[in-house]
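The values are calculated or read from the model by the stated rules, or taken from the named source; none is laboratory data. The structure presented is a predicted model; accordingly, all values stated were derived computationally and were not measured. So basically every Cβ, Gly included, is an ideal-geometry build from the backbone, and we count neighbours across all protein chains shown.
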Amino acid sequence: MIHHCKMGVLLMGLVATTLAAQNKFEVTQGEKQVDVKLNGELLTTYHTTVGAKPILWPILGPHGIEMTRAYPQVADGKKGEKKDHIHHRSFWFTHGDVNGISFWHENAKHGNTVHRKFVKVSGGERAVISTINDWVGPDGKKHCEDQRTYTFFVDGKNRYVDVDITVRAAFGPVTFGDTKEGSFGVRTAGTMKVDSKLGGKIVTSEGLKGTEAWGKPAAWVDYTGPVEGKTVGIAILNHPQSYGYPSHWHVRTYGLFAANPFGLKAFKTGKDGSLKLNKDESFTLRYRVIFHEGDTVSADIAGEFKKYSR
């Protein structure tokens, strides 16, 4: 019996070691980007500045397929992609009314989220990218700062990004205004969107589907559809400790998918969702993004939320 126990412990140790070896993240930091590789293959690239803000692009999900829109980073886009909303850049965080300035749009008078420095870049069983960024108006004035931390890990075929963002009024009072144009967003691959009529679906934690989901509060939203012949999904889970939980959602059938805790009046709730911070006050947003295989039920997004909220 003793020999069998020792053998069992040894086998479990070997399995754990093998699993750890299978899920190794490598990060390569450059001046303006960080490449994140999983077991030697590109998972994503963090770009400090594309357009008006930092973004993740591309993002490869299960089966190694790209799950966010390539346009406008790729001028002609990819199959099924519509050339609209140039500011919908793959995977981002910003807002459409900060002290009256839109950091969401890219027009003549937009603000820019300017990378200041990397705080942490590391690999291993998980990858971490943490940065500090300044929110700079068109006149060069700084309005606030954020520290955002992206933590990457895998479980089976699913790829995860935990997103923790703290925005601080470092330079004086700041107001995040009530607008639908915000805030933590993803633009899905073109073939996933509902409007492609290829099987794309939007489902919320409250059971709302399709256009019903727009502007409504939910603990999570899952956007599923086909990419390269595979059914996959992008789920965004909102942590209960996140500001404004449960977030309202600026989610559209053309592929936009954004958690917006500020747009209450814009979403016709009759309430004002704007947030005013005095100098040095802050708020924190927390999300888990799952790039998963299969539909909402088979991926057990409800169960994933229970794990994340604990």
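Output the residues belonging to the range 227-243 that are hydroxyl-bearing (Ser, Thr, Tyr) and either surrounded by 20 or more Cβ atoms within 10 Å (Cβ to Cβ) or over 17 Å from residue 298 (Cα atoms) (or both).
Across the range 227-243, the qualifying residues are 242, 243.
Being part of a strand (DSSP E or B), acidic (Asp, Glu) and farther than 20 Å from residue 277 by Cβ narrows it down to one residue among 134, 162; which is it?
Of 134, 162, the one residue that is part of a strand (DSSP E or B), acidic (Asp, Glu) and farther than 20 Å from residue 277 by Cβ is 162.
Suppose we filter 185, 210 for residues that are within 21 Å of residue 293 (Cα to Cα) and touching a helix residue (DSSP H, G or I) at 6+ places or on another chain (Cβ under 7 Å); which single one remains?
210
For the range 244-255, which residues satisfy the criterion of being surrounded by fewer than 21 Cβ atoms within 10 Å (Cβ to Cβ) and either touching a strand residue (DSSP E or B) at 6+ places or on another chain (Cβ under 6 Å) or of a type in the set (Gly, Ala, Ser) (or both)?
Passing the criteria: 244, 245, 246.
If you scan the range 234-258, which residues turn out to be under 18 Å from residue 67 (Cβ atoms) and either of a type in the set (Phe, Trp, Tyr) or in a strand (DSSP E or B) (or both)?
234, 235, 236, 237, 251, 254, 256, 257, 258
Could you list, in sequence order, the residues of the range 111-131 that are in a loop (DSSP other than H, G, I, E, B) and either over 16 Å from residue 174 (Cα atoms) or among the β-branched types (Val, Ile, Thr) (or both)?
If the condition is that a residue be in a loop (DSSP other than H, G, I, E, B) and either over 16 Å from residue 174 (Cα atoms) or among the β-branched types (Val, Ile, Thr) (or both), then 123, 125, 126 are the ones that fit.
Being touching a residue at least 12 places away in the same chain (Cβ under 8 Å) and out of contact with any Gly (no Cβ under 7 Å at 6 or more places or on another chain) is the filter here, so list the residues in the range 221-232 that pass it.
221, 227, 228, 230
Quick one: what pairs do we get from the range 166-178, first residue on the phi > 0 side of the Ramachandran plot, second assigned to a strand (DSSP E or B) and not acidic (Asp, Glu), C-beta under 9 Å, 6+ apart or different chains?
172/142; 172/143; 172/144
How many of the residues in the range 58-117 are of a type in the set (Val, Ile, Thr), more than 20 Å from residue 225 (Cβ to Cβ) and more than 14 Å from the chain's Cα centre (by Cα)?
Of the residues in that region, 5 qualify.
Give just the number: which of (1) over 26 Å from residue 166 (Cβ atoms); (2) surrounded by fewer than 21 Cβ atoms within 10 Å (Cβ to Cβ) does residue 224 not satisfy?
Answer for residue 224: the failing condition is (2).
Give just the number: which of (1) of a type in the set (A, V, I, L, M); (2) within 24 Å of residue 183 (Cα to Cα); (3) assigned to a strand (DSSP E or B) does residue 42 not satisfy?
Here residue 42 meets the rest and fails (2).
Which residues, counting only those in the range 278-294, are buried (at least 16 other Cβ atoms within 10 Å of the Cβ) and either without any contact (Cβ under 8 Å) to a residue 40 or more places away in the chain or within 18 Å of the chain's Cα centre (by Cα) (or both)?
283, 285, 286, 287, 288, 289, 290, 291, 292, 293
The rows are residues; the columns are (1) farther than 21 Å from residue 119 by Cβ; (2) buried (at least 24 other Cβ atoms within 10 Å of the Cβ); (3) charged (D, E, K, R).
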{"residue": "32", "(1), (2), (3)": "no, no, yes"}
{"residue": "46", "(1), (2), (3)": "no, yes, no"}
{"residue": "52", "(1), (2), (3)": "yes, no, no"}
{"residue": "67", "(1), (2), (3)": "yes, yes, no"}
{"residue": "85", "(1), (2), (3)": "yes, no, no"}
{"residue": "90", "(1), (2), (3)": "yes, yes, no"}
{"residue": "94", "(1), (2), (3)": "no, yes, no"}
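Identify, from the list 6, 79, the residue that is at pLDDT below 90, part of a helix (DSSP H, G or I) and either surrounded by 20 or more Cβ atoms within 10 Å (Cβ to Cβ) or basic (Lys, Arg) (or both).
Residue meeting the stated conditions: 6.
Tell me which of these residue 310 doesn't satisfy, since it passes every other one: (1) out of contact with any Pro (no Cβ under 7 Å at 6 or more places or on another chain); (2) at pLDDT 95 or above.
Tallying (1) out of contact with any Pro (no Cβ under 7 Å at 6 or more places or on another chain); (2) at pLDDT 95 or above, residue 310 fails exactly one: (2).
Among the residues of the range 261-277, which ones are surrounded by fewer than 18 Cβ atoms within 10 Å (Cβ to Cβ), in a loop (DSSP other than H, G, I, E, B) and either touching a strand residue (DSSP E or B) at 6+ places or on another chain (Cβ under 9 Å) or of a type in the set (Gly, Ala, Ser) (or both)?
269, 270, 274
Which condition number does residue 298 fail, the rest of (1) part of a loop (DSSP other than H, G, I, E, B); (2) under 18 Å from the mean Cα position of the chain (by Cα); (3) more than 14 Å from residue 176 (Cβ to Cβ); (4) not aliphatic (A, V, I, L, M) being met?
(2)
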